[in-house]
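Report on the following structure.
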Amino acid sequence: MKVANTSASTTLKDDALKSKSTRKVIEQKERPKATQITQNTQEESVKSPKMPKPKSLGKEETKDLGAVVQNANTMIGALDVMIQSIHSLQTQNKIYKKLALKLQNLQDNTQEAKDLANKAGAIKDKMQETFDSALFNDENVFTKSYAEIPESHLNAKKLSPNKLDVKQLENLSLYAKDLSEQRSYAKQAKKLIQSELDKKLDSVQKTDSRYEKLDSSKLDSSEFKAAQGSSGVTLDRVLHLLR
């Protein structure tokens, strides 16, 4: 009986030793894998460079850009009103000139001549009303200063019809020429403003990565026209509309 107990005890000890040995082998095999994973993670963190934070505009630059955009928006709005008003004046001046041509063939004291003169006077009054009511932000667009566009040949003050005379056909022809020229200059001035603004917005895109696409042509959109003249429009709102 003693021999049998000794044999069983020996067998249990051998199994325990084998179990410990097996665990060591497993631990040795798993340890290199964990170490390798740690090394790979460290290497990846070294290889992956940190992305630089985008540079944002400073307060003064932001304030300056806001003023530039708002001023451009106001100028373009005024020029739009001018272009539309000149178109109306051109239409009215054609009617006025037709009446002037008819009057040339009539004697002054006839009733027909008087009637035509009255019609011509009414047309001239409408032309003056068109000129006087051409306002943007409560300022007349024809008398407004456009000195900020030195390349422009705008001289819209000369388009006032108050000196027109139905009996002076030559002056009516010169007035028609002035209307055509000033309308062309107004369109050109609008393009010059947008071109200068594009340069400014391009510098913003290069400086501040938050604004990837800024388009000055959006200044003609209905959203911008609704915002024109509003002191409450923020720069972020303006830049959002330009995208």
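The values are calculated or read from the model by the stated rules, or taken from the named source; none is laboratory data. Because the structure is a prediction, the values reported are computed rather than measured. Cβ: placed from backbone, ideal geometry, glycine included. Neighbour counts: every protein chain shown. Only protein heavy atoms, including side chains, enter the accessible area calculation; ligands, DNA and RNA are left aside. Shrake-Rupley method; radii C 1.70, N 1.55, O 1.52, S 1.80 Å.
Summary table
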read-out: All positions within the stretch 127-144 that are open to solvent by 20 Å² or more (accessible area, probe 1.4 Å) and not β-branched (V, I, T); value: Q128, E129, D132, S133, L135, F136, N137, D138, E139, N140, K144
read-out: Filtered residue count, the stretch 89-136, keeping only those that are of a type outside the set (V, I, T) and closer than 22 Å to L179 by Cα; value: 27
read-out: Given (1) assigned to a helix (DSSP H, G or I); (2) among the aliphatic types (A, V, I, L, M); (3) open to solvent by 30 Å² or more (accessible area, probe 1.4 Å), number of the condition L116 does not satisfy; value: (3)
read-out: The listed residue being at pLDDT below 85 and either under 26 Å from A189 (Cβ atoms) or open to solvent by less than 70 Å² (accessible area, probe 1.4 Å) (or both), out of L103, L79, L57; value: L57
read-out: Unique residue being within 19 Å of the chain's Cα centre (by Cα), within 26 Å of L154 (Cα to Cα) and without any contact (Cβ under 8 Å) to a residue 60 or more places away in the chain when the list is A134, A67; value: A67
